[in-house]
Amino acid sequence: MSNLELPMYNDEKQPLCPNACHCYNLKRRSPSSHKKWWMLFGFLSIIALSHPYWISSCRPINFQTAELGHAKHVCGQPTIPWSGPSIIEVPEAYKSLRIKQQQHAGLSIPETGNVRVIQTDAVEHVTVQLDIKVEDEKDQDRIWIEQEVSSEGVWDIKIKHDKNKHRPLCVLLDIVVQLPSKDSLASLDINVLNNDITVQHGLEFSKALALATAKGNIIVHDLISAKTAFATASGVIQGTVDSLLGNLAASTANGDVNIFVNNVADKVSAIDIATANGAVELQMPATYESRFNLTTVLGKIKVESQTNPEKIHIKKDSTFGRYIAGYYGDEEVKGKKINLTTVVGDVVLTYNE
């Protein structure tokens, strides 16, 4: 095994792993005269990689002002409780839930709200608590909730807003999804505009978990999940996955991604993580043998294993930019691949017990 040689910059951070670990440290190489072109290529690669996992309402919007013809309205602080329903009980027969907040140009959200997913003995059925506040009493009838069952058998809750372009709509939204047991829902899909999303310790989703916010952080704790997707336009994605039972995709345009996976099902074939401006750190169990591709434009790359460094095999490293490809295991395993990509930031992949 030999160290890879890739460029470093004086203002870069120190390696994320301790000096004592078996790392593939990336050393100096003379800068390329085509750096600007490679930055552009890297950025376009990020967009191409992350596109399948973005949910349409995650496009960045102006949260502080609403465009009204040729004028702008700056939101105050919405403090008036919305008079609509604040408690929604999901019928027990439905094990899949989707919550989506509508986006439009006249909507303005002055500060980040919170979405929490928790288990509590206080409820007998899956319950959604909505805390919506408006700036003006005249806006009470400009917000409404629609509920329906999709063709896939998903209980849909849609938070909708009046699209009147002549009057701004300034709102704050907090949501608490309460589960009577850790595995009450087989799948959960949350899509909001300006909210941090937090999933409590140890919750289980046997089919799928999809969390998306246009502006906000996504934090999960000791998650057990099948197909998993996280997306934010501006915010960090971080957390621990106790058991990953399906493929994982995570993307952010501006923020770090730090994910630690303790156990992985053998059927997991793809893990794709992408950010444009931020570091990417992924820790996988030493038992998960796979191929890997790691890419950055301005940053360092490392693939490491404190327990089995001899299983790391590097097959390719780039002449321009920073890119390495290879596999972890006694031999190359086809059908399992990890892709980690950023434009500005370090990329670290660790296989550990």
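The values are calculated or read from the model by the stated rules, or taken from the named source; none is laboratory data. Source: prediction; values computed, not measured. Glycine gets a Cβ as well: all are built from the backbone with ideal geometry, and neighbour counts include every protein chain shown.
Those strands (runs of 3 or more DSSP E) of segment 294-353 in which at least 1 residues are touching a Cys at 6+ places or on another chain (Cβ under 9 Å), considering only elements entirely within it, cover 301-304, 347-352. Of all the residues in segment 130-144, those that are surrounded by 15 or more Cβ atoms within 10 Å (Cβ to Cβ) and either among the charged types (D, E, K, R) or under 24 Å from D222 (Cβ atoms) (or both) number 4. Go through the residues of segment 296-316 one by one and say whether even a single one is under 27 Å from S225 (Cα atoms) and under 18 Å from the mean Cα position of the chain (by Cα). Taking every residue of segment 296-316 in turn, none turns out to be under 27 Å from S225 (Cα atoms) and under 18 Å from the mean Cα position of the chain (by Cα). If you go through segment 122-173 and pick out every residue that is among the acidic types (D, E), under 24 Å from T112 (Cβ atoms) and part of a loop (DSSP other than H, G, I, E, B), you end up with 3.
Summed over segment 225-255, residues that are in a strand (DSSP E or B), closer than 22 Å to G153 by Cα and of a type in the set (A, V, I, L, M) total 2. In the condition set (1) surrounded by fewer than 20 Cβ atoms within 10 Å (Cβ to Cβ); (2) in contact (Cβ under 8 Å) with a residue 24 or more places away in the chain; (3) part of a loop (DSSP other than H, G, I, E, B), S184 is compliant with all but (1). Taking (1) part of a loop (DSSP other than H, G, I, E, B); (2) touching a helix residue (DSSP H, G or I) at 6+ places or on another chain (Cβ under 8 Å); (3) at pLDDT 95 or above in turn, Q103 satisfies each apart from (3).
In segment 265-272 there is no residue that is closer than 29 Å to N195 by Cα, surrounded by fewer than 20 Cβ atoms within 10 Å (Cβ to Cβ) and basic (K, R).
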